[in-house]
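Reviewing the structure listed below.
Quick note: the coordinates plus some simple rules give every number you see, no bench work behind them. Keep in mind the model is a prediction, meaning the values are calculated, not measured. Here Cβ is always computed from backbone atoms with ideal geometry, including for glycine, and neighbour counts include all displayed protein chains.
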Amino acid sequence: MSWVTAAWSMNAAACLTFAGFYFVVWCKQRQSPAYLLFSCSAIAAAAISAFELWMLNSRTVDQYESLVRWIHVPTWVLTLSFVAFVRLYLHAGRVWLVWSIYGLRTLVLILNFIFPVSINFTAITDIRQFSWGGQLVSVPVGTPSPWGLLSSVSLLLLLIFSVDATITVWRHGDRRRALLIGGSMIFGAMLAWHVPLVIWGILDVPFFLGFTYTAIVGVMGYELSSDVARAAGLARELEISEKRLNLAADSANLGMWEWDIAHDEIWITDKGRAMLGFDSSEKLDFDRFRSRLHPDDRESVLKAVDSSLGTGAEYQSEYRVVLPDGQVRWIAGRGHVEFDGDGQPVRMRGASVDITQRKLAELEAARHRNEMAHLSRVTTAGELSGSLAHELNRPLGAILSNAQAAQRMLANGGVDVAEFREILNDIVSEDKRAAEVIRRLRLWLQKGEVQQHSLRINKVVRDVLKLIRTDLISQNVSVDTELARDLPTVTGDPVQLQQVLVNLVVNACDAMADCDTPEHQLRIRTGIENGGGAVIVSVTDRGGGIQVKEVEQIFEPFFTTKAKGMGLGLSVCRTIIAAHRGKLWATNNAERGATFHFTLPKDASAKEVLIT
Amino acid sequence: MSSPLGPTVFVVDDYAPGRRSISRLLRAAGFAVTAFASAKEFMAQYDAEAPGCLVLDLAMPAVSGLELQGLLADRGSLLPIIFLTAYGDIPKSVQAMKLGASDFLTKPVNDEDLLAAVRVAIEKNRALRRDEEELSEIRAHLATLTPREREVLEYVVAGKLNKQIAGELGTVEQTVKIHRAHVMQKMRVQSVAELVRMTERCGIGGSVY
């Protein structure tokens, strides 16, 4: 076998190998039609090579005629798939050129089969054989058809298309691709011009169209293979970064999860499974997840999920789960929703973390705070017992005297119905008043959970003044209130806020009692602070002021200037206000005495639900 | 029972239901009652001549019960005061009693306790008023004495004999006897013992020593 046969055969084989390889690649990545187009063009190039080899060895005119005719089929396939490949892969080339090439090439194919021999020849009269590269090769001798010019025009269009696409790619900055693919395309399109020259008898060489395409196919193959290599590199990097992420997630105790909403399937890392008490093999869906939720938290979690599915907002919630062994854990979850083109939620991805320790510490701190607050309230109640007894004994006294007056009236025999009605009305209202005092006292002494109510600060001030009215009277303190109207509501525990105010008022009274001023006047003012974002309450006395170097010192636990005080009042007040996200501080007045201020942020939701 | 001239129980309490209930009870027990919502209101209508007693709430804003007690004492009021308080704080009750309070009761007060206290107070008021009347009568009698008779009176209540008095005054015993008879007549007494008791109440006697 001569080298010519070997060269053409190897060319065909190489093209087929490329075609096969990229066909497999395309089968795995159906979303990239460039691979399929490349495969088609490579098959076509292989076919062309085969046809050419056949032609070289052809000995009869008939055989040659049919070969010249049928070689147009792979040429048509190659041209079409190649142009489509350039459009899809390089995103270059003018569309009108594409359609012109397609149209012209198809016309050439049709005419080729209409004409008696082919589009290139009106007749092949003979086969000329000559020695080329040490082998006897056949070239046709005949009358070239003028219609063959159509084929040449399509070749010209292909050249223009190639140059144009190359320039576009070059301009886009991808010069390597422009040089490699564009250059080989132009080179191939130019070399293809040997075909008309051979047909017209100007050039004395065998057809080697297959090789010009091989160059293009080779370059394209190289280009695509670098894509594949890059993809493989990316896959490796992805794997590494996934490993890193898992490592980070594991060390941060994060459980990563993904919820396929359409199929209701939950994927979750082993860490996450352990967190929620699931086996590593158990198949999970939303109901399984929900079954782990603490009954008290179920609603809030479902609400958070619904709201993120509805609005696309970040999902965020803190909740308890109950593990199969009864253990309760606190989990914080965060995630975001992905939507499909129709705006339907398809997937939710996120991470969860076990916050049991933090939550327990928080709860413990809150419990301590509440216990301190309660202790302080009990102490204050002891100090105010005179006031409280007074508040209770007054209505009880009125009830007793009214009832005994009625008994006497009955005994006297002269029953005045109108008077009796009044007596009974008074008894009823006084009884209610006494019950109200007891209710307030119970609240005050209760060690319940902290309540979170939306409340009006002016009402808290008025309630406190009611509570300690007698003390104020007996200490001869007059209270001047300046309560701003239309204040926003605040969120808090009414009893704890009362406690803070009682403490501040009692302190103010003590300060004035200690310093023998003639005017025992106390001023309580409420208003707006921080541009409407907070409510401020100030308690101003006209006592001796704060006589320590550092005003802040008075808020320290066990700091006291009183003979019988424990020094906890103000430090507890500060803790309470801080737990309400507010601030408590003190200033000395310019003239005399001191002022204590505290702020409370206004309600986030301006709902008008009031606690009365 | 209750007449304009009879005793009246004055009730002063800023707490309206308390004021009403005490007034009702006292009225049902047959007392004439006038109630006031503040010390100021009471003082505006205060009549030093009116007989009766005062039932006063200890803890009132502005003028407190103790302050009103002081004001009345300054005016030489004869109204006994019964303090009522919803919370008996010891220092205040001691202060009130020292200043002459008639009683100190804690709400809720039992009707018998209150009525007994009121009766005692009214009786006390009556006695005080009677004393006051007697005293002013004695003073009126004293005012009718001549300076000489007044001197003789002082010697008589000091236990001097007529003879000694005559010696002191540089006159004769007969003249002293006449003066003495006039004194006994003008003071409307029968015996020297009676005269001594009367003058003691007026703070006369002993000054001659």
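So in the protein assembly as shown, what percent of DSSP beta bridges are antiparallel if you round to the nearest 5? Can you show the working numbers first?
On the way: 64 of 88 bridges.
Counting only bridges with both partners in the protein assembly as shown, antiparallel ones make up about 75 percent.
Determine by what factor the alpha-carbon radius of gyration of the stretch B:49-171 differs from 2.2 N^0.38 Å, reporting the quotient.
1.61
How far is helix B:16-28 tilted off the main Cα axis of chain B, in degrees rounded to 10, range 0 to 90?
In chain B, helix B:16-28 runs at an angle near 60 degrees to the longest axis.
Under unit Cβ charges (Lys, Arg +1; Asp, Glu -1), what dipole magnitude, rounded to 20 debye, does the stretch B:1-125 have relative to its Cα centre? Numbers along the way, then the final one.
Details: 11 positive and 14 negative charges, 22 e Å.
Charge dipole, the stretch B:1-125, about its Cα centre: 100 debye, nearest 20.
Would you calculate a helix-derived [θ] at 222 nm for chain A, using -39,500 (n - 2.57) for each DSSP H run of n ≥ 4 and dividing by the full residue count, to the nearest 500?
On the way: 19 runs with 341 residues, N = 612.
The per-residue figure over chain A is -19000 deg cm²/dmol.
Among A:VAL219, B:ALA116, A:PRO494, pick out the residue whose Cα is farthest towards the positive end of the charge dipole of the protein assembly as shown, where Lys and Arg carry +1 and Asp and Glu carry -1 on C-beta, about the Cα centre.
Most positive-ward Cα: A:VAL219.
Calculate the translational D of the stretch A:1-88 in whole µm² s⁻¹ from Stokes-Einstein, where the hydrodynamic radius comes from the Kirkwood formula applied to all Cα pairs, the temperature is 20 °C and the viscosity 1.002 mPa s.
Translational diffusion coefficient: 156 µm²/s.
For a Förster distance of 35 Å, can you work out the FRET efficiency between the beta-carbons of A:THR17 and A:ALA123, rounded to the nearest 0.05?
My answer for the efficiency is 0.35.
Using Cα positions and a limit of under 13 Å, work out the aspartates and glutamates in reach of A:LYS447, with same-chain residues fewer than 8 apart set aside.
A:GLU371, A:ASP493
Once you charge only the Cβ atoms, +1 for Lys and Arg and -1 for Asp and Glu, what is the size of the charge dipole of the protein assembly as shown about its Cα centre, to the nearest 20 debye?
Rounded to the nearest 20 debye, it is 420 debye.
Going down the table (A:LYS432/A:LYS466; B:LYS40/B:LYS98; A:LYS466/A:LYS583; A:LYS432/B:LYS107; B:LYS98/B:LYS124), which pairs top 21 Å between alpha carbons? Could the numbers behind the result be given before it?
Numbers: A:LYS432/A:LYS466 15 Å; B:LYS40/B:LYS98 23 Å; A:LYS466/A:LYS583 25 Å; A:LYS432/B:LYS107 17 Å; B:LYS98/B:LYS124 17 Å.
Exceeds cut-off: B:LYS40/B:LYS98; A:LYS466/A:LYS583.
Listing A:PHE113, A:PHE121 from the residue with the fewest other Cβ atoms within 10 Å to the one with the most, what is the order? Display every interim value, and only then the final one.
Values: A:PHE113 12, A:PHE121 23.
Least crowded to most crowded, the residues run A:PHE113, A:PHE121.
Would you report the distance distribution of C-alpha pairs in the stretch B:140-209 as whole percents per 10 angstrom bin, up to the bin with the largest distance?
21, 60, 18, 0
Explain nothing, just the number: relative contact order of the stretch A:93-188, from Cα pairs under 8 Å at least 6 residues apart, as a whole percent.
RCO, the stretch A:93-188: 26 percent.
Based on the mean of other Cβ atoms within 10 Å per residue, sort peptides B:178-188, A:459-469, A:281-291 so the most packed one is first.
The most tightly packed comes first, giving A:459-469, B:178-188, A:281-291.
Could you state the angle between the C-alpha long axis of helix B:147-157 and the longest principal axis of the C-alpha atoms of chain B, as a value from 0 to 90 degrees rounded to the nearest 10?
80 degrees
Between A:VAL141 and A:VAL417, with labels modelled 7 Å along Cα→Cβ, what's the label distance in nm to one decimal, could you check?
Distance between the two pseudo-spin positions: 15.0 nm.
Using Cα pairs under 8 angstrom and six or more residues apart, how large is the relative contact order of chain A, in percent? Working shown, then result.
Values: 882 pairs, mean separation 44.3, N = 612.
Normalised by residue count, the contact order of chain A is 7 percent.
What is the set of long-range amide H partners of A:GLU265 at a cut-off below 5 Å, with H atoms built 1.01 Å from backbone N?
Amide H to amide H, under 5 Å and 5 or more residues apart or across chains, A:GLU265 pairs with A:ASP260.
Mind checking the dipole of the stretch A:351-433: about its Cα centre, +1 per Lys or Arg Cβ, -1 per Asp or Glu Cβ, Debye to the nearest 20?
Here the stretch A:351-433 has a charge dipole of around 240 debye.
Could you estimate the translational diffusion coefficient of chain A from the Stokes-Einstein equation, with Rh from the Kirkwood formula over C-alpha pairs, at 25 °C and 0.890 mPa s, in whole µm²/s?
The diffusion coefficient I find is 72 µm²/s.
Only helices at least 20 Å long along their axis, Cα-based, and averaging 1.0 or more on Kyte-Doolittle count here, so list those DSSP H runs from chain A.
Both cut-offs are met by A:3-28, A:33-56, A:95-114, A:148-171.
Where does helix B:111-144 land angle-wise versus the long Cα axis of chain B, in degrees 0 to 90, nearest 10?
Long axis of B:111-144 versus the principal axis of chain B: about 30 degrees.
In units of 2.2 N^0.38 Å, what is the alpha-carbon radius of gyration of the stretch A:461-500?
Values: Rg = 12.2 Å, N = 40, 2.2 N^0.38 = 8.9 Å.
Taking N as the residue count of the stretch A:461-500, the ratio is 1.37.
How long are the semi-axes of the ellipsoid equivalent to the stretch A:393-445, from square roots of 5 times the Cα gyration tensor eigenvalues, in whole Å, largest first?
29, 10, 5
Only counting other Cβ atoms within 10 Å, I'd like A:TRP330, A:TRP585 sorted with the fewest neighbours first.
Values: A:TRP330 20, A:TRP585 14.
Final ranking by Cβ density, sparse to dense: A:TRP585, A:TRP330.
Per residue and in cubic angstrom, what volume does the convex hull of the Cα atoms of the stretch B:24-90 have?
Working: hull volume 7.1 nm³, N = 67.
Here the figure is 106 Å³ per residue.
Cα-Cα pairs above 23 Å in the stretch A:396-519: how many percent?
53 percent
Semi-axes of the stretch A:111-194's equivalent ellipsoid from the Cα gyration tensor, sqrt of 5 times each eigenvalue, largest first, rounded to whole Å?
Over the Cα atoms of the stretch A:111-194, the semi-axes work out to 35, 19, 7 Å.
Sorted from fewest to most neighbouring beta carbons within 10 Å, what does the list B:THR85, A:THR212 look like?
Details: B:THR85 26, A:THR212 21.
By the 10 Å Cβ count, ascending: A:THR212, B:THR85.
Which residue, chosen from A:TRP170, A:ASN425, B:SER93, occupies the Cα position most advanced towards the positive end of the dipole of the protein assembly as shown, where the dipole is computed from +1 (Lys, Arg) and -1 (Asp, Glu) charges on Cβ about the Cα centre?
The Cα lying farthest towards the positive end belongs to A:TRP170.
Simple spin-label model, 7 Å along Cα-to-Cβ: A:TRP70 to B:GLU168 in nm?
A separation of 17.8 nm, rounded to one decimal place.
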